[in-house]
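The values are calculated or read from the model by the stated rules, or taken from the named source; none is laboratory data. The shown structure was predicted, so the numbers you read here are calculated from the model rather than taken from an experiment. When we count neighbours, we look across all protein chains shown, and the Cβ atoms used for this are built from the backbone with ideal geometry, even at glycine. Surface accessibility is based on the protein's heavy atoms, side chains included, excluding ligands, DNA and RNA. Shrake-Rupley method; radii C 1.70, N 1.55, O 1.52, S 1.80 Å.
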Amino acid sequence: MCRPRLLTRASEGLAHPLLLVNGPAGAGKSLLVADWSAAVATRRVGRVVWLTAERGDDEADVFWARVLQALHHCGVDLPVEAMAPARAEPPVGPVPLRLAAQFATRREPVILIIDQFERVGSAEVATGLDFLLTHAAAGLRLVLISRTEPLLPLHRYRASGEITEIRGADLAFLPEETAVLLRGLDLCLHDDAVRALTERTEGWIAGLRLSAIAAKHADEPEVYLKDFEAGESTLADFLLAEVLAIQSAEAQDLILRTSIVERMHAELADALTGRHDGARILEELAHHNAFIEPLGHRWYRHHALFAEILRYRLRASEPGVEVALHRRAAHWLDEAGRLMEALPHAAEAGDWSYAADRLVSGLAIGQLLVGLDAEMLRRLFTRMPAQTSGRCPELVRAALALAHHDARRMLIHLDRADEDTSEPARAPTVELTNAFLRAQAAALTGSADDAQDCAAAADALGQQTPDGRLAAHPELPGLLDTALGSACLWEGRFDAASIAFTRALELPSKPEAAAMRQDALSRLALVDLLRGSVGRAQEKARSALTEAQACSLRSPSGSGVAYLVLAWADFEHDELAAARAGLDSAACAMDEPDPTLSAAMTILRSKVLLADGDPAAALDLLRGLRPAPWEAPVMQTSSPWQAPETADIASAAQLALGDPEAALDAAAREARRNPACAVALARAQLSVGSGQAALETLAAAGRPDARPQVAARALLVGARAAQCIGDDKVAVSRLAQALATARPDRLRRPFRETATWVRRALREHRALADAHPWLPHDLRAAEPADDLVSDPGEAVIVEALSVREHEVLEYVAQMMSTQEIADELFLSANTVKTHLKNINRKLCATRRAEAVRRARQLRIL
């Protein structure tokens, strides 16, 4: 098939003397060059001469004789002396000299293509070709197609920009090219199937063609291509014959034995073969493109499909040897400091005790929870048999339970681990892992004291670990600090939580630490939020999300915390739509059922429901709030910030439902211990007309709450209570204080909750309204009305409206029914009707709409 991207690259190569197309067997080298050489554009450049090398072409005189014959056959005019056979002489021989002289005088270059050049391994021939390329000027373009690296001085050509190279990686098919190839074979597959086949074959064209031909004869081609066993396919026949069989016995043995590892080092190859020739053989195999790719620093890798076939062949030829090879690979990789590569081999060898011991004693248990290898380790150790006993396997099972958020099972495995009292099981590194996991359990059960004890124990044990081992795993202290901070946060120890999260932020800037740093920053934002610093919390949450995007983190739990903080800030700013969207984003990103986060999510959702006018749903949500809504033990202590928040919302919801007694009860439980609940109690007392009782409750609460949102609510309730008892001066003073308190963080929600009273008060005191333009416009000024008359004198007011009548009129203007107004003001419907009659009488109106219109004319509304 035609491959435009490679044909274009080959055509660009005509600007250089040498084009090298190098790749393994079946990579489509010759096919590509054949398509390119047959193109009209190529033949316009010069005369194309194609020579396929034979095994005897190592002899210089034979090679040059065949070159001359090919040139003559393709119609390239050469003088008689150039065509005369002559044995090559040092250093280059007469034929390259004569050809160079002839080519240098040509107007159009000769495009000489030599296929299968790997058969020409003569240094003498390479020297002659180098001389010819150097002295033929623009009269020659040499194209070499080879499986191996030619002996030409390629480094010199690269340095001077005189070579174009198309390598195996370039020849590999892209998914879209695979789709075209398959369609040419009358095989149409879905994009996912095409992509999977391309990845499995690594774009190797022979593998693609052979797989497609076999799939055509299958009942379900896509199913066949997904599940076919490479070891029993025509691919195996091709690779075993074209690649494996042509190698020496030693090379075949090395190829088969190293197929069990994803990457091989020369010394690892020696460990697997028991010989000492690995470096030489691997270098030769890579040089000959034997489906072995050099990775640098003496590391290599097999082509994935070839390795699959080799493993099948190894099992068939040497049954049972694979287990022993995996065990050798595990030990060599572990000793080489490549534990993550060693563990899968230990598992394949069935040596689970060794694998668990190395994960625990290597202080790598944190990598099962976070980092690039976390998913691999979880899948690996989930396979560990139940009969694998000992302290290290139980600690690994505890970590797995933690990764799956199963605190109850985690504690069971930790207790089982403590039953092993043998000396190896009590090594400092094992004890450190145990203390680390215990601290994680303490975070899930909300016990700050236990978390602090475990953290202290871990610090002490860290001093006893071998030099550098703990430093190599910064995720351990990072996760430990996060766990300690989370436990302190649950118990309301905000200072201790902030210190722990700040320490976690000081982790080295490594990719595996990025998620932990972002999580710690998000939790610091939550600490600020619960302390009342909404603006600072919002800033940290945004920084956490920015850091997550910069590090390409895929929905870490920290993002969920950051979204939650931003949603809460939006709520306090009275941006309910943004708060709802933020809650949805938090729920999607937060896959970690942390008790603190679960409680905060529930509290904020109930606040939003209440603000949306659904107090019953808000109460239902609060009733479902549990300290740990997953399979975990009961929290050891209750959160000192969760209960007051819950009581405050419950009281407000009961007021909205028209049950002031229930509202009083809900707030009274926590009023003595928490200023926010004292505010809620005062608000409930105010709703039943007890302005003096509300003021006394606020006074009894003592020192005002430092949180601006709570302080603003307290001042607003105090202002309304003062007005109720006729002290307008105090009411205005407290309103001004509330506005000043809320202004730095733009806390609009407290004013929205008392919108009717605030709107009226600000209309009466325009200077206050003008001084705070950050408040919503509808609270600061009258909304424009179409039915205002030009002369307000046309409307007559008989008598001033009372405070309650003004409140009723505000709700009438919002098109609320009598019953809805009664519910909102906690009055009976009959009382509301009486107020409506008085309003109509005082405004000389006969209908509600008329009363509203005249009130607007008089600027009462």
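Annotations
- Residue within region 107-126 that is more than 23 Å from residue 33 (Cβ to Cβ), open to solvent by 10 Å² or more (accessible area, probe 1.4 Å) and modelled with pLDDT of 90 or more present: yes
- Only residues that are surrounded by fewer than 20 Cβ atoms within 10 Å (Cβ to Cβ) and among the hydrophobic types (A, V, I, L, M, F, W, C) were counted in region 657-690, giving 4.
- The set of residues in region 8-18 that are part of a helix (DSSP H, G or I) and either touching a His at 6+ places or on another chain (Cβ under 7 Å) or open to solvent by 30 Å² or more (accessible area, probe 1.4 Å) (or both) comprises 8, 9, 11, 12, 15.
- Residue selected from region 376-385 under the condition open to solvent by less than 20 Å² (accessible area, probe 1.4 Å) and not aromatic (Phe, Trp, Tyr), by the criterion farthest from residue 478 (Cα to Cα): 384
- Count of region 691-716 residues which are buried (at least 21 other Cβ atoms within 10 Å of the Cβ) and among the acidic types (Asp, Glu): 0
- Among the residues of region 163-217, those identified as open to solvent by 50 Å² or more (accessible area, probe 1.4 Å) and assigned to a loop (DSSP other than H, G, I, E, B) are 167, 174, 186, 188, 190, 202, 217.
- Residue in region 393-406 that is surrounded by fewer than 21 Cβ atoms within 10 Å (Cβ to Cβ), over 25 Å from the mean Cα position of the chain (by Cα) and within 22 Å of residue 487 (Cβ to Cβ) present: no
- Number of residues in region 803-821 that are within 23 Å of residue 720 (Cα to Cα), free of Cβ contacts under 8 Å to residues at least 24 places away in the same chain, open to solvent by 50 Å² or more (accessible area, probe 1.4 Å) and not acidic (Asp, Glu) equals 1.
Residue-by-condition table, conditions (1) out of contact with any Gly (no Cβ under 7 Å at 6 or more places or on another chain); (2) not polar (S, T, N, Q); (3) not in a helix (DSSP H, G or I):
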{"residue": "219", "(1), (2), (3)": "yes, yes, yes"}
{"residue": "258", "(1), (2), (3)": "yes, no, no"}
{"residue": "262", "(1), (2), (3)": "yes, yes, yes"}
{"residue": "270", "(1), (2), (3)": "no, yes, no"}
{"residue": "276", "(1), (2), (3)": "yes, yes, yes"}
{"residue": "281", "(1), (2), (3)": "yes, yes, no"}
{"residue": "290", "(1), (2), (3)": "yes, yes, yes"}
{"residue": "293", "(1), (2), (3)": "yes, yes, yes"}
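- Residue in region 635-642 that is at pLDDT 85 or above and more than 16 Å from residue 603 (Cβ to Cβ) present: no
Residue-wise test of (1) surrounded by fewer than 19 Cβ atoms within 10 Å (Cβ to Cβ); (2) under 32 Å from the mean Cα position of the chain (by Cα).
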{"position": "283", "(1), (2)": "yes, no"}
{"position": "301", "(1), (2)": "yes, yes"}
{"position": "317", "(1), (2)": "yes, no"}
{"position": "325", "(1), (2)": "no, no"}
{"position": "338", "(1), (2)": "yes, yes"}
{"position": "344", "(1), (2)": "no, yes"}
{"position": "362", "(1), (2)": "no, yes"}
{"position": "370", "(1), (2)": "no, yes"}
{"position": "374", "(1), (2)": "yes, yes"}
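- Subset of region 473-503 [outside any helix (DSSP H, G or I) and under 25 Å from the mean Cα position of the chain (by Cα)]: 473, 474
- For region 203-217, the set of residues classified as among the small types (Gly, Ala, Ser) and touching a Gly at 6+ places or on another chain (Cβ under 6 Å) consists of 206 only.
- Residue pairs whose Cβ atoms lie under 9 Å apart, separated by 6 or more positions or on different chains, with the first residue in region 822-849 and farther than 17 Å from residue 660 by Cα and in contact (Cβ under 8 Å) with a residue 40 or more places away in the chain and the second acidic (Asp, Glu) and open to solvent by 50 Å² or more (accessible area, probe 1.4 Å), are 841/799; 842/799.
- Enumeration of residues in region 679-696 that are part of a helix (DSSP H, G or I) and over 16 Å from residue 653 (Cα atoms): 691, 692, 693, 694, 695, 696
- Within the set 514, 548, 443, the sole residue that is crowded, with 24+ Cβ neighbours inside 10 Å and under 23 Å from the mean Cα position of the chain (by Cα) turns out to be 548.
- Within region 587-616, tally of residues that are open to solvent by less than 10 Å² (accessible area, probe 1.4 Å) and not hydrophobic (A, V, I, L, M, F, W, C): 4
- Residues in region 19-68 that are assigned to a helix (DSSP H, G or I), more than 30 Å from residue 178 (Cα to Cα) and in contact with a helix residue (DSSP H, G or I) (Cβ under 7 Å, 6 or more places away or on another chain): 10 in all.
- Pick from region 796-855, criterion assigned to a helix (DSSP H, G or I) and acidic (Asp, Glu), ranking: farthest from residue 688 (Cα to Cα): 850
- From the options 181, 189, 197, residue that is hydrophobic (A, V, I, L, M, F, W, C), under 34 Å from the mean Cα position of the chain (by Cα) and modelled with pLDDT of 90 or more: 197
- In region 152-170, the residue that is farthest from residue 19 (Cα to Cα) out of those that are among the aliphatic types (A, V, I, L, M) and touching a helix residue (DSSP H, G or I) at 6+ places or on another chain (Cβ under 8 Å) is 152.
- Any hit, region 303-314, residues being loosely packed, with under 14 Cβ neighbours inside 10 Å and on the phi < 0 side of the Ramachandran plot: no
- Test: residue in region 131-141 that is farther than 30 Å from residue 94 by Cβ, without any contact (Cβ under 8 Å) to a residue 60 or more places away in the chain and not small (Gly, Ala, Ser): no
- Scope region 251-281; condition open to solvent by 10 Å² or more (accessible area, probe 1.4 Å), under 19 Å from residue 322 (Cα atoms) and either modelled with pLDDT under 95 or not β-branched (Val, Ile, Thr) (or both); matching residues: 252, 253, 256, 257, 262, 263, 265, 267, 270, 271, 274, 275
- Answer from 845, 849 - the residue that is open to solvent by 60 Å² or more (accessible area, probe 1.4 Å), at negative phi and modelled with pLDDT of 75 or more: 849
- The set of residues in region 462-494 being over 13 Å from residue 596 (Cβ atoms) and open to solvent by 30 Å² or more (accessible area, probe 1.4 Å) consists of 463, 464, 466, 467, 468, 469, 470, 471, 472, 477.
- Within region 686-705, residues that are closer than 19 Å to residue 726 by Cβ sit with their Cβ atoms under 6 Å from residues that are aliphatic (A, V, I, L, M) and open to solvent by 60 Å² or more (accessible area, probe 1.4 Å), at 6+ positions apart or across chains, in these pairs: 691/725; 692/725.
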